[in-house]
Amino acid sequence: MAAISKIATGNGHGENSAYFDGWKAYETNPFHPTDRPDGVIQMGLAENQLCFDFIEKWLMEHPEASICTAEGVSKFKETALFQDYHGIPEFRQAVAKFMGKVRGDRVKFDPDRIVMSGGATGAHEMVAFCLADPGEAFLVPTPYYPGFDRDLRWRTGVELVPVVCDSANDFKITIDSLQSAYHKAQEANIKIKGLLITNPSNPLGTFMDKDTLKNIINFVNEKNIHLIGDEIYAATVFMEPEFVSISEVIEEVECNRDLIHIVYSLSKDMGFPGFRVGIVYSYNDTVTSCARKMSSFGLVSSQTQHLIATMLSNDEFIDNFVAESRERLFKRHKYFTWTLSQIGICSLKSNAGLFIWMDLRKLLKEKTFEAEMDLWRLIIDEVKLNVSPGSSFHCHEPGWFRVCFANMDDYTMEIALSRIRNFMVKNNETMVPPRNKLLRRTSLKLSLSRSLSRKMDDFIMSPSIMSPQSPLVQART
């Protein structure tokens, strides 16, 4: 048999990670309320499904947005014919306007710098190809999205060097941690070409303040390395303070703009991962030109461009959608974290994203990643929930888990929470001496019954709860 390539036979995709193993467990036994009520509930997929009714209503009212309707068929021929890799002008203009809108219209984006790709996955790989050669590396603060190991490394030959962040300061990026990672790479004779930050963070659900971003920009300028800002969760910020983009900060500080690049998509902010709309926005003319040529390998279909251009050009719809999405994310996040707090589970304080960073360190039999994996397998096999262990995000502290809360309906969420509740009751019983179990069980169940009797709407409408635009104290580590 003829030999095939190292890429084809290697493990560069990273599919052996626990992150993807959890997906496989779900796919082999997916939860369904009637057909498979004991199946695994998917809480490892960061999808935003909370506003599809809002979007579907707009689509019903604007059938011309689709070329497959009587109202839109007049655009079928020109859309179906060849489109060059620059993209439809209306699409680039609409995306540039939307990017500004979700950043509070505090910054404008140039449509001529909009380069499309097949989702954020394709955008990240495109940037890696443009900025680094095989064997060179990017710094990436931990914990970070497991897919980066595939997106930036697999086909490019680029390496990722972790910047270790820890819970002592809520996993914030510090200049000391950046300097340490940079110098260790130098000692290992690894050439650092850039720094990749995810803002808002996946998996933390937090975002960086302006001072942190200024320090980061100063760092990359000092080292003369590139800064890639993954901002695909920009519109998922549901509580104050407001999101701050790299694009805003470079207006206030002196920096070499040729080093600044933004990756964006509509997968999270609009909830359209299936449309594969990824964007590279570089302030570097050479990178923009090269990325546009590379986009030939992963263009967004003309039909999708047409639909997105029509939708994002409707200012009233977009204003209402962004506000409604934030409100629904706020309510879901608040209810989810509050319910967990009532059964003794804390999470990192967060105000963005489609997930929480759940702290289960106290449930580990010992403070090791082996113990974390044992707990994760128990949650998958017995609790039947696919949550993602922190080690798959390169977290350097065992016991943290990412849990997605926006990819399911209310009923499924309640089932998931009840399974967690039952697991915690059972776990607490095993930690109590036999003679105290009955007393503890009775006390715990009474406490849970009283605490969880309030309905979601009653909780959200309580006078003690602030609006989505106001700061809010959450359960902390």
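Starting from the eigenvalues of the Cα gyration tensor, five times each then square-rooted, give me the equivalent ellipsoid semi-axes of the stretch 1-89, largest first, whole Å. All intermediate terms of the calculation are to be shown ahead of the outcome.
Numbers: eigenvalues 271, 160, 30 Å².
For the stretch 1-89, the ellipsoid semi-axes come out as 37, 28, 12 Å.
For the stretch 203-314, build the convex hull from the C-alpha positions and give me its volume per residue in Å³.
Normalising the Cα hull of the stretch 203-314 by residue number yields 140 Å³.
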Hydrodynamic radius (Kirkwood) for the stretch 38-123, which is based on Cα pairs only, to one decimal in Å: 16.3
Selection from Thr206, Leu139, Trp338, by position along the positive dipole direction of the chain (Cβ): Trp338
Crossing angle, helix 210-223 versus the chain [Cα axis fit, 0-90 degrees, rounded to tens]: 50
Helix 410-430 axis, angle to the chain major axis (alpha carbon atoms, nearest 10°): 50
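Taking 30 Å as R0, compute the FRET efficiency from the Cβ-Cβ separation of Glu64 and Phe297 and round it to 0.05.
For Glu64 and Phe297, the calculated efficiency is 0.45.
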Amide hydrogen neighbours beyond the local backbone of Leu50, cut-off 5 Å, H modeled: none
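How long are the three semi-axes of the equivalent ellipsoid of the chain, in whole Å, if each is the root of 5 times an eigenvalue of the C-alpha gyration tensor, listed from largest down?
Three semi-axes, in Å: 37, 28, 23.
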Sequence of Glu242, Glu187 from largest to smallest accessible area, 1.4 Å probe: Glu187, Glu242
Positive minus negative residues near Phe129 (Lys, Arg vs Asp, Glu; Cβ under 12 Å): 0
Cα-based convex hull, the stretch 311-408, per residue volume (Å³, whole number): 121
Label point distance in nm, Thr34-Gln186, each placed 7 Å from Cα along Cα→Cβ: 6.6
Length released on extending from Glu240 to Ile7, taking residue separation times 0.36 nm less the Cα-Cα span: 79.4 nm
Lys24 accessible area, assembled protein chains, probe 1.4 Å, Å²: 80
Accessible-area value, Arg106, 1.4 Å probe, nucleic acids and ligands omitted, Å²: 100
Fraction of antiparallel bridges per DSSP, the chain only, in percent to nearest 5: 50
On Cα atoms only, tilt of 52-61 relative to the major axis of the chain in degrees: 40
Distance (nanometres) between label positions extended 7 Å along Cα→Cβ at Arg257 and Leu378: 5.5
Spacing of the two label points (7 Å from each Cα toward its C-beta) at Glu71 and Asp410, in nm: 2.9
Sum of -39500 (n - 2.57) over DSSP H runs of 4+, divided by residues of the chain (222 nm, nearest 500): -12500 deg cm²/dmol
Charge tally in the Cβ shell below 11 Å around Asp230, where Lys, Arg are +1 and Asp, Glu are -1, Asp230 excluded: -1
Over 27 Å (Cα to Cα) - which of Lys101/Lys334; Lys223/Lys349; Lys24/Lys193; Lys191/Lys214 fall in this group: Lys223/Lys349; Lys24/Lys193
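The values are calculated or read from the model by the stated rules, or taken from the named source; none is laboratory data. From a predicted model like this one, the values you see are computed outputs, not experimental measurements. Ideal geometry is used to build each Cβ from the backbone, glycine not excepted, and the neighbour counts take in all protein chains shown. Note: accessible area is taken over every heavy atom of the protein model, side chains too, but ligands, DNA and RNA are not part of it. Shrake-Rupley method; radii C 1.70, N 1.55, O 1.52, S 1.80 Å.
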